[in-house]
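Scroll down for the structure; my scribbles are underneath it.
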Amino acid sequence: VQLQASGGGSVQAGGSLRLSCAASGRTPATYALGWFRQAPGKEREFVASFRWTGATTYFADSVKGRFTISRDNAKSTVYLQMNSLKPEDTAVYYCALQSSNYGGTLSHEYDYWGQGTLVTVSS
């Protein structure tokens with residue numbers, strides 16, 4: 001399984017960005033995709049998850065109401081739409097795949113990881 005994350009960039013506070021995570025290769029029949037982020041000097045933290053079967057989403061409290069998830073079935077791609085961005089959202093964002101339809105919040109629950117994409121929000 002390969003994951004390709006993209007869409008990072010620099011934006012001013014209040015702005016928006018959309019991250020993409022494309023899964024390829026031998027993806028499991030059922031799986032969940034998660035987004036995590038790691039700011040400089042901080043531990044990696046959960047942002048959001050998406051259960052491919054059922055399209056259930058779950059968001060960390062810090063992003064709830066500002067971030068949403070959507071998918072493109074044909075492209076096996078999940079999008080993380082980030083609105084009302086704040087400087088504290090600045091981090092490297094990673095997408096990860098979990099070989100079940102659970103969509104947990106812990107990084108060790110995920111089996112495959114993409115490369116990170118940097119999001120910088122200036123005040």
> What do you reckon, is Val1 in contact with a Ser or Thr (Cβ under 8 Å, 6 or more places away or on another chain), among the hydrophobic types (A, V, I, L, M, F, W, C), open to solvent by less than 50 Å² (accessible area, probe 1.4 Å) and farther than 13 Å from Ala96 by Cβ?
Replying inline: no
>> Need the failing condition index for Thr68 against (1) at pLDDT below 95; (2) open to solvent by 60 Å² or more (accessible area, probe 1.4 Å); (3) part of a strand (DSSP E or B); (4) β-branched (Val, Ile, Thr), just the number.
In response: (1)
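Within the stretch 87-96, identify whether any single residue is assigned to a loop (DSSP other than H, G, I, E, B) and either open to solvent by 50 Å² or more (accessible area, probe 1.4 Å) or closer than 18 Å to Gly25 by Cα (or both), and answer yes or no.
no
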> Take the residues of the stretch 24-45 that are among the hydrophobic types (A, V, I, L, M, F, W, C) and crowded, with 22+ Cβ neighbours inside 10 Å: which is farthest from Gly9 (Cα to Cα)?
Replying inline: Ala32
> If we keep just the residues of the stretch 97-117 that are among the hydroxyl-bearing types (Ser, Thr, Tyr) and open to solvent by 70 Å² or more (accessible area, probe 1.4 Å), which is nearest to the chain's Cα centre (by Cα)?
Replying inline: Tyr112
>> Given the criteria surrounded by 13 or more Cβ atoms within 10 Å (Cβ to Cβ) and either of a type in the set (Phe, Trp, Tyr) or modelled with pLDDT of 95 or more (or both), does Ser20 qualify?
In response: yes
> Is it true that Gly14 is under 26 Å from Ser122 (Cα atoms), among the small types (Gly, Ala, Ser), assigned to a loop (DSSP other than H, G, I, E, B) and open to solvent by less than 60 Å² (accessible area, probe 1.4 Å)?
Replying inline: yes
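The values are calculated or read from the model by the stated rules, or taken from the named source; none is laboratory data. Keep in mind that what you see is a predicted model, and the values were worked out from it rather than measured. Backbone-built Cβ (ideal geometry, glycine too); neighbour counts: all protein chains shown. When the accessible area is computed, the model is the full protein with side chains, heavy atoms only, and any ligands, DNA or RNA have been set aside. Shrake-Rupley method; radii C 1.70, N 1.55, O 1.52, S 1.80 Å.
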